[in-house]
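Coordinate-derived values only; no laboratory data. This is a predicted model, so every value here is computed, not measured. All Cβ positions, even for glycine, are placed from backbone atoms using ideal geometry, and neighbour counts span all protein chains on display.
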Amino acid sequence: MEKRVTFKGIWLPLLLVLPQLVVTAVFFFYPAGQAIWQSLFIPDPFGLSMKFVGLGNFEYLLSNSYYRASFVTTAVFSTLVTLVSMGVALYLAVLADRLIKGSGIYRTLLIWPYAVAPAVAGVLWLFMFNTRVGVVTWYLGLLGYDWNHVLNGNEAMGLVVVASAWGRISYNFLFFLAGLQAIPRSVIEAAAIDGARFWTRFRTIVWPLLSPTTFFLLVVNIVYAFFETFGVIHTITGGGPQQATTILVYKVYSDGFVGQDLGSSAAQSVILLFIVGLLTVVQFRFIERRVHY
Amino acid sequence: MATVSLDNIRKTFSKTEVIHGIDIDIADGEFIVIVGPSGCGKSTLLRMVAGLETVTSGEVRIGGQRVNEREPMDRDIAMVFQNYALYPHMSVFDNMAYGLKIAGRSKAEIAERVAEAAKLLQLEPYLKRRPRELSGGQRQRVAMGRAIVRKPSVFLFDEPLSNLDAKLRVQMRLEIKQLQRRLGVTALYVTHDQVEAMTLADRMIVMNDGRADQIGAPLEVYANPRTRFVAGFIGSPPMNFLDAGLVNEPASEAATLGIRPEHLQITTGEARTGGIVLYTEALGAETLVHVKLPDGAMVTVRQDSTAALPEEGSAVGLTWSDSDQVFF
C-alpha cells in the first residue's frame, strides 16, 4: 500500500516543490523557450534586428548536406562510444564478479576514471596521442604506423570515441557489476550442475537476467554520447578535421557561437530537444515494465 | 544409480577448518539425511559432494570413481536448492529441459522426458508458466522435475522444504520419499529439521560443529544417542538430562543421565526423584508436564492425555525403568 501524506493547504506543498520548479524554470523552460523562439527567426549579421522566417531554419537545415552528414557522424560516434564503453565494462564486471580476493581494490580503481571531467579526460588522451610528442604516437611510429588524427578523420573519430568511452566505462561497470551480483548464486550453480559451462551459462542465464540493466545502460549511454561528450570533442579535435567529428551538439556550438548563425543553431537545439524527449520516453516506458521475467 | 563414499573429508576456509573428517559409505538407492543445527557444516558437506565447493582433503567417490577434481556437471548428480534456483526467465518446460538441451538431446526425447517428469509431479497444467506465476509448492516440484529429467545417479537436496509452510512441508516430505523409492536413486538430503530427518532417512548423519557425531538408522540414533548433543538434538521435546549423582546412580562414572520424556512416569508410589510441576501443556493426543527438580534442572514428562493431569505447583514423584536411561 502506498502511503500518501496529505497536506491541508496549498502553500506548504507549493513551497516545498518551489526550489525544484525554480531550477527547472530558469535552467530548462526559459532557455528551451528561447531556443524555440529564436529558431523561427534569422538575425542580421550585426544582431540589430531579427527577421521572422517561420520554419525556414528547419527547412534549410534538413536540406543542408553538412547537417545531414553531422547526423551520420553522431550516429557512428554514439554507436561506437556505447558499444565500446558497455562492452569493456561488461567484460571487466564479469571478471570482477568472479574475483574473490582484492575485488575492493579492483572496483575502486575502476571507478576512478568516472571522477575525471570530460574536458580533462580529453586533454589526457590528447597528450598521449599528440602528433609530435604523444607517447602512444611515438610507439605507433616505432611500429611503422604514422598516427595523425589532425589530418585523418577516421583516426580523429577513433580518438574521441576512445576518450569518451574511457570515462564512461566506470559508470557502466558499476551497473553491470551490481546487475551480476543481483543474480542469485544458486541459479548459476544450478546451471553448472545442469551441464552449462561458463560461456553457455553466460549466454543462456546471465545475459537474459542482465537485460534490464543492459537496456537501461544502452539508453543512458546513447544520451551521454549525444550530449555530454562536448568537452572531449572540443579539447581533442574541435570537430575536425573537415567536420569528421562534428556531432550534432558540437554543431550547435560551432554554428551558433563560432559561425554566429543563431537562428540555425537554435533550430538545431530544438531538433536535439525532440531527440532527447524521444529517448526519455523510450527509457521511461521501458523502466515501467522493467521486470520482464 | 550409484554408491557414494566419503573418505575423511575435510574442508578449510582460509585456515579455519569447518569440516573435520567425515567418513561414510552410502549404498546404492539409500536415502541419507544430513541433519544438524545451522552452521554445523552440513550444507558445505553436500556442496562438496556436488562439486560446488572444493574438497580440502579426503576423497569423494561416486559409483566408485574419485570425483574430487570433476566439475559438478561431470558427477552425474542433480541438486535441489533451498530457494529452488529456478531460471526466472524460462517457462517451467524450459527449466526442466535446460540440462537436456545442453546435453544435445533430440527435441522428441526432451519433450518425452519432460512430459514424463511433469506427469509424475502433477505439473502438466503449468508447463508454459514462468516460475513467478507458481506457488511455493509448485516451484518446489519444478526444481525436483529439473533434477529428475536428467536421470542422475545421485540426488542432492539442500533444505528443499524450509521455504514452505508447515502443512505443505509434511505433504512434500512424503512426496520426496515416494519419488526416491520409485526412482530407486541414491539421495543425500540436508535439513535442520529433525522430524524430516527421522521420517525420510534410511540412515542419518547427525552433524555437530563439523563432525559427524553419529551415523545410523533414525530409530537406532533415537534410542541410543552416542553423544549428549545427539540426544538433545534428535527428539522433540528433547531428552531430559539429570545429574547422575543427584538421582543416586552409582552405576556409572558419567555425570549425566539422559532419559526421554516419554520414558518418565509420574508416580504416587516409589519415586526415583521428584520435583514441583511448573506448568502443563495439553497437546491433544499427549500432554507435556514440565517439572522442576530440587537442583533447579527442568525435565519434561510426556504422557498420554488420558493419564491423570497433575496440578501446577504440586509436588510429584518421577520414575523410569533402567533400560531406558542413557549415560553421558
Checklist entry - Please state the relative contact order of chain A as a whole percent: Cα pairs under 8 Å, 6+ residues apart? => result 27
Checklist outcome for this item: For chain B, the longest principal axis of the Cα atoms and the Cα long axis of helix B:136-149 enclose an angle in degrees, to the nearest 10, of 60
Item to check | Check: the protein assembly as shown dipole with +1 on Lys, Arg Cβ and -1 on Asp, Glu Cβ, in debye | outcome: 2140
Item to check | Dipole of segment A:166-293, positive end: most advanced residue of A:Q181, A:G259, A:I275 [Cβ charges, Cα centre] | outcome: A:Q181
Checklist outcome for this item: Summing -39500 (n - 2.57) over every DSSP H run of at least 4 in chain B, dividing by its residue total and rounding to the nearest 500, the 222 nm mean residue ellipticity is -8000 deg cm²/dmol
Item to check | Kirkwood hydrodynamic radius over Cα pairs of segment B:166-257, then Stokes diffusion coefficient at 25 °C and 0.890 mPa s, in µm²/s | outcome: 163
Checklist entry - Calculated from DSSP H runs of 4 or more alone, at -39500 (n - 2.57) each and per residue, what is the 222 nm mean residue ellipticity of chain A, nearest 500? => result -21500 deg cm²/dmol
Next on the checklist: Just want the ordering: A:M128, B:M144, from fewest to most Cβ atoms lying within 10 Å of their own Cβ.
Outcome noted: A:M128, B:M144
Next on the checklist: For peptide A:204-212, what's the mean number of Cβ atoms from other chains within 10 Å of each residue's Cβ?
Outcome noted: 2
Checklist outcome for this item: Semi-axes of segment B:62-170 from the Cα gyration tensor (sqrt of 5 times each eigenvalue, largest first, whole Å) come to 23, 19, 11
Checklist entry - Using θ = phi - 60° and the Karplus form 6.51 cos²θ - 1.76 cosθ + 1.60, what ³J(HN,Hα) does each residue of segment A:80-87 get, whole Hz, x for Gly and Pro? => result 5, 4, 5, 5, 5, 5, 6, x
Next on the checklist: Output the 0 to 90 degree angle, nearest 10, between the alpha-carbon long axis of helix B:107-120 and the longest principal axis computed from the alpha carbons of chain B.
Outcome noted: 20
Checklist outcome for this item: By the Cα gyration tensor axes a ≥ b ≥ c (a/c under 1.5 gives rounded; else a/b larger than b/c gives prolate, otherwise oblate), the shape of segment A:1-140 is oblate
Checklist entry - If one computes the Cα centroid of segment A:140-215 and of segment A:20-45, what distance in Å separates the two points? => result 39
Checklist entry - Of the beta bridges DSSP finds with both residues in segment B:4-232, what % are antiparallel, to the nearest 5? => result 55
Checklist outcome for this item: Taking N as the number of residues in chain A, the ratio of its alpha carbon radius of gyration to 2.2 N^0.38 Å works out to 1.23
Next on the checklist: At 7 Å along Cα-to-Cβ for each site, give me the label-to-label distance between B:I276 and A:F215 in nm.
Outcome noted: 6.9
Item to check | Computed lengthening from A:V23 to A:I111, 0.36 nm per intervening residue step minus Cα-Cα distance | outcome: 28.7 nm
Next on the checklist: Residue by residue through segment B:221-234, what is 3J(HN,Hα) from phi via Karplus (6.51 cos²θ - 1.76 cosθ + 1.60, θ = phi - 60°)? Round to whole Hz and write x for glycine and proline.
Outcome noted: 5, 5, 6, 10, x, 7, 10, 5, 4, 5, 4, x, 8, 8
Checklist entry - With charges set only on the Cβ (+1 for Lys and Arg, -1 for Asp and Glu), what does the dipole of segment B:4-232 come to about its Cα centre, in debye to the nearest 20? => result 700
Checklist entry - To the nearest 0.05, how large is the calculated FRET efficiency for A:A69 and A:R285 if R₀ is 30 Å and r is the Cβ-Cβ distance? => result 0.45
Item to check | Among the listed pairs B:K11/B:K151; B:K101/B:K128; B:K42/B:K167, those beyond 23 Å (Cα-Cα) | outcome: B:K11/B:K151; B:K42/B:K167
Item to check | Cα-projected label distance for B:S135 with B:S106, points at 7 Å along beta-carbon direction, nm | outcome: 3.9
Checklist entry - Can you give the average number of partner chain beta-carbon atoms within 10 Å of each beta-carbon in peptide B:92-104, as a whole number? => result 3
Next on the checklist: As an exercise, use a Förster radius of 60 Å and the Cβ-Cβ distance of A:Y91 and B:A255 to find the FRET efficiency, rounded to the nearest 0.05.
Outcome noted: 0.40
Checklist entry - Under the definition of partner shielding as Cβ atoms of other protein chains within 10 Å of a residue Cβ, what is the mean value for peptide B:80-88? => result 5
Checklist outcome for this item: Checked the protein assembly as shown with the C-alpha gyration tensor, a ≥ b ≥ c its square-rooted eigenvalues, rounded below a/c of 1.5, otherwise prolate if a/b is larger than b/c and oblate if not; verdict prolate
Item to check | Fraction of beta bridges assigned by DSSP in the protein assembly as shown that are antiparallel (%, nearest 5) | outcome: 75
Next on the checklist: Could you work out the relative contact order of chain B? I mean the mean sequence separation of Cα pairs under 8 Å and 6+ apart, divided by the number of residues, in percent.
Outcome noted: 17
Item to check | Karplus 3J(HN,Hα) series, Hz, for segment B:11-21 with 6.51 cos²θ - 1.76 cosθ + 1.60 (x for Gly, Pro) | outcome: 9, 10, 9, 5, 6, 9, 7, 10, 10, 9, x
Checklist entry - How big is the convex hull of the Cα atoms of segment B:200-297, per residue, in Å³? => result 144
Item to check | Value of Rg to Rh for segment B:4-232 (Rh from inverse mean 1/r over Cα pairs, i.e. Kirkwood) | outcome: 0.97
Checklist entry - Modelled label-to-label distance, A:A119 and B:T12, 7 Å Cα→beta-carbon offset: nm? => result 5.8
Checklist outcome for this item: Dividing the mean separation of Cα pairs under 8 Å (6+ apart) by the residue count of segment A:159-293 yields a relative contact order in percent of 23
Checklist entry - Taking Cα atoms, how many degrees apart are the long axis of helix B:166-183 and the longest axis of chain B, rounded to 10 and kept between 0 and 90? => result 60
Next on the checklist: As an exercise, use a Förster radius of 30 Å and the Cβ-Cβ distance of B:E59 and B:R226 to find the FRET efficiency, rounded to the nearest 0.05.
Outcome noted: 0.75
